[in-house]
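**Q** Below you'll find the structure I mean.
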Amino acid sequence: MLTDRTVTSLLDAFSSADPTPGGGSAAALVGATGTALLAMVAGMPKSRTNAIAEREALDHAQTELLALRDTLADLIDRDASAYDLVIAAFRKPKGTDEEKAERKAAVQDATRVATEVPLETMRACVAAMRAGLATAIHGNPSAASDAKVGFRLLMAAAEGARDNVDINLGGLTDTTLQATIRDEAARLMADAAMHVTTVVPR
């Protein structure tokens, strides 16, 4: 698994000429890193005013953020596996009409997975931003830059995942599914932009 590697080994994997891990896995990794930063801010013993309500909000946020961090870490490997699934589908035999039909169905199934996995990354990034707002509102002011970095990373991750959604959408023949995914991706990016602007005004 990619997540079991050292940082240096993982960077070597991204640097290699192999197609996986690629941009989708990188987006998930960046999202997991941004989420981890927000979890760190939420877990600091000191909040903005040390009020009980602040502590409760931060504790709740940290629980959510740690779960989302793990989800995004899992998506690093899932994205690579999804791409491998597409390659395997395209390599299926196509000598007979039956083989062609089976190959076509396999390609569509694999492409759908390859589209839905980065969409999940987008969902997780937006959920992390939503939970992470507590760190910007109630977190230790000394860690304000950490919260901002976390949000910037999550925005970059969401944008990168969106790129992977878009490139795979073109391979789907189900136009209804295409439209549904495209609409959700657009809504998620709008939410992401709103959240990041709240924390890091442009």
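Only the coordinates and a few stated rules stand behind these numbers; no lab work does. None of these values were measured; they are calculated from a predicted model. A quick note on method: Cβ atoms are made from the backbone with ideal geometry, for glycine too, and the neighbour counts reach across all protein chains shown.
**Q** Can you tally the net charge around Thr173? Count Lys and Arg as +1, Asp and Glu as -1, for every other residue whose Cβ sits under 15 Å from the Cβ of Thr173.
**A** So the surrounding residues net to +3.
**Q** Could you work out the local net charge near Pro118, counting Lys and Arg as +1, Asp and Glu as -1, over the other residues with Cβ closer than 14 Å to its Cβ?
**A** Result for the neighbourhood of Pro118: -4.
**Q** Then there's this: In region 108-202, how does Rg compare with the Kirkwood Rh, expressed as the Rg/Rh ratio over alpha carbon atoms?
**A** 1.08
**Q** Oh, and also: Using unit Cβ charges (K, R positive; D, E negative) and no other charged atoms, how large, in debye to the nearest 20, is the dipole of region 74-137 about its Cα centre?
**A** 180
**Q** Which residue fluctuates the most in the chain, going by a Gaussian network model with Cα springs under 10 Å, if the choices are Arg91, Arg48, Arg123?
**A** In this elastic network of the chain, the residue with the biggest mean-square fluctuation among Arg91, Arg48, Arg123 is Arg91.
**Q** Let me ask you something else. Once label points are set 7 Å from the Cα along Cα→Cβ at both Ala88 and Lys104, what is their separation, rounded to one decimal in nm?
**A** So the two model labels end up 2.3 nm from each other.
**Q** Taking springs between alpha-carbon atoms closer than 10 angstrom, which of Ala36, Ala114, Ala190 fluctuates most in the Gaussian network model of the chain?
**A** Ala190
**Q** Tally Lys/Arg at +1 and Asp/Glu at -1 over every other residue whose Cβ is under 15 Å from the Cβ of Lys46; what's the total?
**A** Residues near Lys46 contribute -2 overall.
**Q** Roughly how far apart, in whole Å, are the Cα centres of region 1-24 and region 119-142?
**A** 26
**Q** Right, something else. Return the equivalent ellipsoid semi-axes of the chain as a descending list in whole Å, where each equals the square root of 5 times an eigenvalue of the C-alpha gyration tensor.
**A** 37, 18, 12
**Q** For the chain, what does the relative contact order come out to in percent, with C-alpha contacts under 8 Å and a separation of six or more?
**A** Reported relative contact order: 30 percent.
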